[in-house]
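First the structure, in the form of structure tokens, and then the observations on it.
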Amino acid sequence: MAGPSVSVDLSAAMQTVPVQLADWLVVAPSILTIVGGMLCLMSRKNIALAPKLGLFFLGLLVISNLLLLAEVLKRGVITMVMGNWLPPFGIAFTVDALGATLALVAAIVAFAAGLYASITIDNSGRRYGFYPFLLLLMTGVNGAFLTGDVFNLYVWFEVLLISSYGLLVLGNDRIQLDGTVKYGILNLIGTNLFLIATGLLYGQLGTLNMADITMKVQESGVSGPLMTIAVLYFLAFTMKAAAFPVNFWLPSSYHTPRIVVAAVFAGLLTKVGIYALLRILVMLMPAARAELADVIAWVAALTMLTGVIGALAQSDVRRLLGYLVISGIGSMLAGIAMGSVLALSGTVFYAVHSILVMTALYMAAGLMAAMAGSYDLRRLGGLYGASPVLAGVFLVLALAVAGLPPFSGFWPKVMLVDAALTLGWNWLAASILVTGFLTSLAVGRVWIYAFWRGGPEGTVDGGSVSLPGGGVLLAGAGGQSTAAVWVPIGILTALIVLFGLQPEWMMEVSSRGASGLIDPVGYLRSVFGGGA
Amino acid sequence: MEAGFSVLIGLFFAVGVYLMLSRHIVHILIGITILGNAVNMLIFTAGRLTREVPPVIPLELYVPAGPTANPLPQALVLTAIVISFSFFAFLLVLAFRTYQELGTDDVNEMRVAEPKGEALPPQGY
């Protein structure tokens, strides 16, 4: 290379000191899941190996995310840049308490789902790649939680979307094809909107690094184009998060796949949308969020109320749970509408709670159907006699999702209602409480009909029936123990009870995440060094 | 030149949205492709258009001699094209399989997942 012999100061554009070992934790989740997904894909014909390999990598993911969260809580925000190009030139991965917490909870849920799937997904499901898809889905989810670059966020959204298509059609039933068409097309339009907004944002500010955008928006203030971009982002992410009125893909698809797939989706996918809203609207464009606060509040209230009313009108337990996912999204949006530290902490805590409880509820619904042979409330009944443990677990989950003490759903609702009353959003506080009441009606009815009464519709009072059992859930699980379905439900329920009884730790972490969004000094300093 | 491109992009969006409003999956998919291309052109235009100056640094220099075309939007568009193309391929196969199974490509008749006139849940407690 014949270049001029001038000395160039590379340190202005490149990182010159070697990366610390602990910093590799920032990209470890993505690397682990990609490598694991690849190995699973290569050995997908080996159906005995698939669950072991998948669970091994999902277990590593949990450990890695646990270490990452510990590191973030110890050292504050951590940044790692790709190819050693310093921001804003290179793609940066920036992890704060919010991203690390959600990534850890997501990993725990994915591990639980992998375990649950080890006996509920039949051999053909394994052969068609359940575990590769699950691992690659986690690549997308983790990448979205950990990245510090807007375009990179879009790429991770697409990674998780394409894997979710694979999981959703796994099994190839008529009903699944129908659901996937609707899910697929509407979600693709949603990500296209996200891409439009990102293109316009780049045209406006000339940068894609989140920290850089934050600073540039702070300098320039809200302008017309920036407001348009904020509204586009709001539309795109509410579509992803399934907020009213752009949520029709969710109730038409979430009851169609294998129950464990529905459990993962209900837990993770919509919350990635909420995370993106928190990151982009609250951190990057705080002034635009304040302008939009009334719109967000209306969307939030309508989402929670239409969600829970939809749940009341369903007789299929899976569809009922799908509407409860939507209803929970409304509560999280309420926190974003209010925008104070307390409200946003409530949103973060609620997201963690919702990931755990929705996954656990779908898993419990799978067990109910395995015992009673149906998901229909009319045909369910007598499950208390069949399994008092499941009845107890379902009752815990039902109280948690309705936001009743002493379970994890109670505290975020307290925080949100408290914030709403402090800030004078009385009607929003009222709609949160009414939603909680209606939710307890919806899930209470499931418990009464499925567990408490003696048998399905037509059983005489005081009589009981023997349940058909078998069939639906444990197909192809010849002679295996059912521990693999009980352990994941147990883990998730234990966490729900733990967060209900000992909420201080989770409250502190959520509040750290929330204050990092409102006042991102630590974030900026981590990306740009001490000067920012 | 950006103004001309903006009009063209607007036309692409209009055509894409019009096709997506159709009841037939095939039209919707073509609409999505056109929408995807509109988005790609939008990113490209948002990065400002510079003709005939490729972003190549001459051998004897460390920095470009003058203003060049912006290479970043090209990289972004390339990523977006690959993604939207693979999604389109998947959705095309999915739509065909659905047509085989359900015997229709009219979205109004695709009611397997949410059948009409479903019974209400049991009333009362």
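The values are calculated or read from the model by the stated rules, or taken from the named source; none is laboratory data. Every value quoted in this text rests on a predicted model; they were computed, and no experiment measured them. Here Cβ is always computed from backbone atoms with ideal geometry, including for glycine, and neighbour counts include all displayed protein chains.
The table for this structure:
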item: Residue ID - surrounded by the most Cβ atoms within 10 Å (Cβ to Cβ), chosen from residues in segment A:174-189 that are more than 30 Å from A:Gln204 (Cα to Cα) and more than 7 Å from chain B (Cβ to nearest Cβ); result: A:Tyr183
item: Helices (runs of 4 or more DSSP H) enclosed by segment A:106-173 - at least 3 residues per element that are touching a residue at least 40 places away in the same chain (Cβ under 8 Å) and within 12 Å of chain B (Cβ to nearest Cβ); result: A:150-169
item: Looking only at segment A:322-345, and only at residues there that are within 15 Å of the chain's Cα centre (by Cα) and hydrophobic (A, V, I, L, M, F, W, C), the one that is farthest from A:Arg378 (Cα to Cα); result: A:Leu333
item: Unmet requirement for A:Gly90, which otherwise passes all of (1) part of a loop (DSSP other than H, G, I, E, B); (2) surrounded by 23 or more Cβ atoms within 10 Å (Cβ to Cβ); result: (2)
item: Yes/no for A:Gly203 being surrounded by 23 or more Cβ atoms within 10 Å (Cβ to Cβ), within 7 Å of chain B (Cβ to nearest Cβ) and either part of a helix (DSSP H, G or I) or without any contact (Cβ under 8 Å) to a residue 60 or more places away in the chain (or both); result: no
item: Segment B:97-123 - residue that is touching a residue at least 40 places away in the same chain (Cβ under 8 Å) and outside any loop (DSSP other than H, G, I, E, B) and, of those, nearest to the other protein chains (Cβ to nearest Cβ); result: B:Thr98
item: Filtered residues of segment B:13-38 (kept if over 20 Å from A:Tyr183 (Cα atoms) and within 12 Å of another protein chain (Cβ to nearest Cβ)); result: B:Phe13, B:Asn37, B:Ala38
item: Options A:Gly171, A:Gly224, A:Gly203: the member that is of a type outside the set (A, V, I, L, M, F, W, C) and either touching a helix residue (DSSP H, G or I) at 6+ places or on another chain (Cβ under 6 Å) or within 17 Å of A:Leu277 (Cβ to Cβ) (or both); result: A:Gly203
item: All helices (runs of 4 or more DSSP H) inside segment A:383-430 with 1 or more residues being over 13 Å from A:Gly335 (Cα atoms) and without any contact (Cβ under 8 Å) to a residue 40 or more places away in the chain; result: A:388-402
item: Answer residue from segment B:39-92, given it is assigned to a helix (DSSP H, G or I) and more than 17 Å from the chain's Cα centre (by Cα) and is farthest from the other protein chains (Cβ to nearest Cβ) among those; result: B:Pro71
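Conditions tested, residue by residue: (1) within 14 Å of chain B (Cβ to nearest Cβ); (2) at pLDDT below 95; (3) closer than 28 Å to A:Asn426 by Cα; (4) surrounded by fewer than 21 Cβ atoms within 10 Å (Cβ to Cβ).
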site: A:Leu281; (1), (2), (3), (4): no, yes, yes, no
site: A:Leu284; (1), (2), (3), (4): no, yes, yes, no
site: A:Leu367; (1), (2), (3), (4): no, yes, no, no
site: A:Pro388; (1), (2), (3), (4): no, yes, no, yes
